[in-house]
Every structure is written in structure tokens, then in C-alpha cells.
Amino acid sequence: MCGIVGYIGYREAYPVLINGLKRLEYRGYDSAGIALLDNEPAIFKCVGKVSDLENHINDNPKTGHVGIGHTRWATHGEPNDVNAHPHQSMHGKFILIHNGIIENYTELKEKLGNRGYTFNSQTDSEVLVNLIEFIYQKGKVDAEMAVRLALNKVEGAYGIVVMCADEPDKLIAARKGSPLVIGVGNDEYFLASDATPIVEYTKSVIYLNDQNVAVITQGELVLKTLKNIPLTPNIQQLSMDIGEIDKGGYDHFMLKEIFEQPRSIHDTFRGRINLAERTLHLGGLYHVMPKIVEAKRIIIIGCGTSWHAGLVGEYLFEDLARISVEVEYASEFRYRRPIISKGDVVIAISQSGETADTLAAIRLAKEAGALVLGICNVVGSSIPRETDGGVYTHAGPEIGVASTKAFTAQVTVLAMMAIQVGRKRNFLTDDQYQRYIQELTQVPEKIEKILKLDSTIHKLAEKYKDVNNFLYLGRGYLFPVALEGALKLKEISYIHAEGYPAAEMKHGPIALIDHHMPVVVLATKDHSYDKIVSNIQEVKARKGIIIAVVSEGDTTITGLANHTIEIPETEMVFSPLLAVIPLQLLSYHIAIMRGCNVDQPRNLAKSVTVE
Ligand code: F6R
């Protein structure tokens, strides 16, 4: 969370920074700021979005070829002008932007206070910039050494970019725990929390590793460790395209990303499925496949939507590969003293690849000797770099804060893994293996069909946009989809929603049901169809409003429900990929009708790099 950008080169820095902040705004949008160094430092910052910052600085001069910018997701101190970044040190020598949390900031603040430092903001970041200045002035060292020495005293996470008024043609960047990418152009450098602000200028990038420091002057980059050991920069080529990060004619990124799912799922299995032979090949798991096949237990970890994908993974691996699975919230797993054995396989699921709790959980699992795999979307992010193997989702950049196409891509990867492992463990026959592969390739087309129901779902949204509560019910593979449907609705429309296994309704939530309560029931044809029909009857008997997602041609439920949304039939194991689509659209339309900002819901951020 928080997006940071930097530029040093021959261009005017301001447009690069402001456009970069717009691309990173999904990471936080409580306040924004920019600092330029053109002889004298100039800092502009204000509470609100990047567009508010743009309006705020419109009349002011904004020149300079070196600059930094920040879009904030508040951790320490409420969102206001003073707490906005960049922060300047008390004597004006240093300006800093920071993504992360300085955990020992209270102690450092007190020490600096004893040496005469005063603070304007409530942030931990202002403490860090003052610590750098204190070391610089007291130790009479250069800016780079002051940054390194200060960082050696810091506990916590940081991605920072620092400017020094005495050394105006220089940016100093460092990371620990929070991501930082450097774009390498011709005589110019770009810095950002992810590659999206960089890709329009250059495809050559360096992903900074933890405890690395980059010292960038006009035309030169020096990479070293915090302990001053020189490093050779590893320049990689981005495969991302600029077109992938535009709205592409849609009103919102979320809608674009919902509609992209036929393609993103196809991209996720493309190159991994050989349709002629009906075989699967997961290159990132090739070297560890024997260990996965032998695994006694799989532990899947994730947060939010990725955790929901993990729950689908539990059904898939137990069903198809007969391996026992536990699905854990990363935040609980890491602090629970979990029992992890050498034979365990841990799969971390994360769109961003940067979620702090998930990252900490995989480190714990690695230390305990487990084989650690990743299912991530952002290439080069921290989780894939720290795992023993894994599979990228290839969903393309997901900019809308609410996860949509990442979820279906994660489930696609989990399905491919379970099918592959199931075949190798002989729990799937060749016929079943080939049938599943064949059916997976049909999923994008079936989703295209569901997307055509958009206007029907729009009408449904109109009817229920003003209710205060929603219940979502599903059984088996569709229980995690019920959770995901409820999460989508609450996070973007701010309507309270709960997801439940349908049979659990009788154990409490049924008390909530009356004629005001819409109940979304996922009731496609599978082995628990009769049971879910009974659950629908129970809701109906209490006058609940039933919105049922059913298989095409269903007549039983159509006769019972107030509304039905028909989706194509598929193998039960792929049903989450289809059933989630109408729920995404329903949330989207309701949120828009309620005037909510669907791409940037309040209080949320896309990449949760703090615990
Ligand atoms: C919900 C959502 C979040 C993320 C969660 C994990 O729509 O986007 O719940 O799923 O913050 O993020 P990643 O997958 O990046 O680890």
C-alpha cells in the first residue's frame, strides 16, 4: 500500500510523476504529493486523490528534472495535508517518500526529540527523514551513507526514495519488505512501486531486493547493499504492454477486468495445455513435481479473495488428487506457531505477490523446511522471488482494487495443478484427465455467454440497490464463491453481506431472513443439487427474496426463486469459474447505482504491504 514514484533524467519530472501516481493510485488514495528539486526543493501535497493534487498545484511552477511522488494509504496518522508525503527533514536537507511501516518509530522519535527535533506530522516516515538528516549533519557523512546508516537503525518495512538538497542531482532508493522497481532508460531512470508507471518509457527494469540501496545520479546507477557491498544490477525485460493498463473503452477498470476474464483465463492456460494431446505442462513446477506428488499435506495460504481461491483449491486437491489440504489466512498462520513438516507443500496465493502477511507466512514455512510454491499475478514481485517454484496467473495487470480476473486466474491455476497431480497420483484415469483438460479449454467461451447477461443483471441491481443486507449461500465448490460474492458486494457497494455454506444457514443466519433480505443462492446442477433446493425452500418459507444462479434449462429452481440467472453447465470442478461472474457483475452495478467509486473503494488498497 502507498504508491511511490521517482524520476531523474532529461525530461521535466512533473508529468512523469503525476502520471505515475495516477497509475499507482490503486495502492492508496488518502492523500498525494510531489517534490521537485530544481535548485530549491518544491513540495506540493494535499489530502485526497491525485486529481486533487493536480488541481492544487495547477497554478504553481513545477519544473525540475529530478523528483519524487507519493500516493498514500494511511497507517500512522489520519489522511490530511500534513501527514501526506513527501516529508521534509526539520532543517530542510532531506525529502523522502516512504511505503511501509517503521515499527520502532516511537523509540527513534523520542531519541530525536531529545536532540531537539520537532515533528509536524504523526507519521513514522517523518521520523525516518529526520533520522537521516540527524546522521548526515552529526556524522558529517554524505547523503548516501546517511541513508544507509539510518536504515540500519530501522525496524520494519520500507520502500523509500530520498532527495538531498545539498546533492540535487541524485536520488537514493532502498527497500525492505515493500516493493521498488527501477526503470532504466537512456540517460534517465524511473522508480516506482510497480512497473505500471514505467512501462510507457522503458521495458528494462531492475527489481530491487530487500536491503538493497540504489544511488542514481544523472546517467548513472550504483547498486549496493545496506552494508555498502557493491552489487551488479540484474536488468530484466518487462513483458507488460501499455495497452494493458488503460480502461480500454470501459467506464471502470473493474468492469474491464470482469469482461477480460475469457481472455485472462485463456492466457492462464495457454502454453500450458497441449490440446492436440490433451496434456498439461506446468513449467514452474517441473522440478518440484515429484515432491508435490509425494506430499502428505498441502497448506494453502492467502488473504481476502486469494484466500477464497485457496478454499476452491482445497476442494480441487482433495477431490482430484486425494491430498489433505488446509487453507489458512496468512495473518493467522504466521502468528499461530503452526506445525509445518518437511513433507508439507505450502502454496501461497497472491495477486500482487507483495501482501505482507502472505510473504511473512512463506518465510516461516521455508524456515520449517516445507516446499513453498507461489501462485501470483505480478511478475517479479516478492513472493515468486522467494518461493521454490510456482505458476504465474498471466491475468495481466489488475488495477481495480476489487479482485475479479485474478480470482478466476488463480482458480484456473489451482485446477491445472490438481488435475496434473491427480493424474500423477493415479487418482484420475487418462480419460478423466483428458476430459478435464478439454473442458477447461471450453470455460472462456462459457464465460463469454454469461457476460451477455450483463443487462439482465443490471436490472436486478436496480431492484436491490437500496437494501442494507445480502446473504450468499453455496455448497461444495460453490461455498467459496458465496464468500467471494459477499466480499465483492461489501467492499465496493458498502452493503453488508455474508457468505455461508448453504446448510449452515439453519444454524444461525436463518434468523435474519425476512421479506427484506435478498439471498443469492448458487444452485447449479451437481451432486448436492437436491440439498440446495431444500435450502431454497427454507428461505422461501421465511419470505426471503431468492436470487438463484442455476444451470441452463433448470425448471425446478426457476419455479421457486424470485429471480434466476442461468449459466452454462460445466464439470463441477470448474463451476466456481462460471458462477462467480454474475456475482461480480451484480456487485459492480449495485455499487455504481449507489454512487460508489468501484475502482477505489473507501479505506482499501490493492497491495497490502503492511500487516
Ligand atoms: C478483494 C481483494 C483483497 C485481496 C487481498 C489479497 O477484492 O482484492 O481481498 O484479495 O488483499 O491480495 P493479494 O492477492 O495481492 O495477496
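Residues checked against (1) in contact (Cβ under 8 Å) with a residue 40 or more places away in the chain; (2) outside the structural domain of residue 485 (by TED's automatic domain parsing); (3) in a loop (DSSP other than H, G, I, E, B); (4) in contact with an Asp or Glu (Cβ under 9 Å, 6 or more places away or on another chain):
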site: 511; (1), (2), (3), (4): no, no, no, no
site: 526; (1), (2), (3), (4): yes, no, yes, no
site: 538; (1), (2), (3), (4): no, no, no, no
site: 547; (1), (2), (3), (4): yes, no, no, no
site: 550; (1), (2), (3), (4): no, no, no, yes
site: 559; (1), (2), (3), (4): no, no, yes, no
Problem set entry | helices (runs of 4 or more DSSP H) lying entirely in the range 36-155 (those with 1 or more residues that are farther than 28 Å from residue 12 by Cα) | 105-114, 124-139, 143-152
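For (1) in a helix (DSSP H, G or I); (2) buried (at least 20 other Cβ atoms within 10 Å of the Cβ); (3) in the same structural domain as residue 428 (by TED's automatic domain parsing), each residue gets a yes or a no:
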| position | (1), (2), (3) |
| --- | --- |
| 264 | yes, yes, yes |
| 268 | yes, yes, yes |
| 271 | no, no, yes |
| 286 | yes, no, yes |
| 292 | yes, yes, yes |
| 300 | no, yes, yes |
For this session: With the checklist (1) at pLDDT below 95; (2) open to solvent by 40 Å² or more (accessible area, probe 1.4 Å); (3) not aromatic (Phe, Trp, Tyr) in hand, flag the one item residue 64 doesn't pass.
Result: (2)
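For (1) within 19 Å of residue 206 (Cα to Cα); (2) among the β-branched types (Val, Ile, Thr); (3) more than 11 Å from the ligand (Cβ to nearest atom), each residue gets a yes or a no:
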| site | (1), (2), (3) |
| --- | --- |
| 343 | no, no, yes |
| 353 | yes, no, no |
| 357 | no, no, no |
| 362 | no, yes, yes |
| 372 | no, yes, yes |
| 375 | no, yes, no |
| 391 | no, yes, yes |
For this session: Go through the range 135-159 and count every residue that is within 24 Å of residue 75 (Cα to Cα), without any contact (Cβ under 8 Å) to a residue 60 or more places away in the chain and open to solvent by 40 Å² or more (accessible area, probe 1.4 Å).
Result: 2
Problem set entry | Filtered residue count, the range 576-595, keeping only those that are open to solvent by 10 Å² or more (accessible area, probe 1.4 Å) and either among the small types (Gly, Ala, Ser) or in contact with a Ser or Thr (Cβ under 6 Å, 6 or more places away or on another chain) (or both) | 2
For this session: Determine whether the range 394-403 contains at least one residue that is open to solvent by 10 Å² or more (accessible area, probe 1.4 Å), modelled with pLDDT of 95 or more and away from the ligand (no atom under 16 Å from the Cβ).
Result: no
For this session: Would you kindly identify the strands (runs of 3 or more DSSP E) lying entirely within the range 322-426 that contain at least 3 residues that are at negative phi and in contact with a His (Cβ under 8 Å, 6 or more places away or on another chain)?
Result: none
Problem set entry | Of the criteria (1) farther than 24 Å from residue 439 by Cα; (2) open to solvent by 30 Å² or more (accessible area, probe 1.4 Å); (3) modelled with pLDDT under 95, which one residue 487 fails | (3)
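The values are calculated or read from the model by the stated rules, or taken from the named source; none is laboratory data. The structure presented is a predicted model; accordingly, all values stated were derived computationally and were not measured. Don't worry about glycine lacking a Cβ; one is built from the backbone with ideal geometry, like all the others, and counts go over all protein chains shown. Remember, those area values only see protein heavy atoms, side chains included, never the ligands or the DNA or RNA. Shrake-Rupley method; radii C 1.70, N 1.55, O 1.52, S 1.80 Å.
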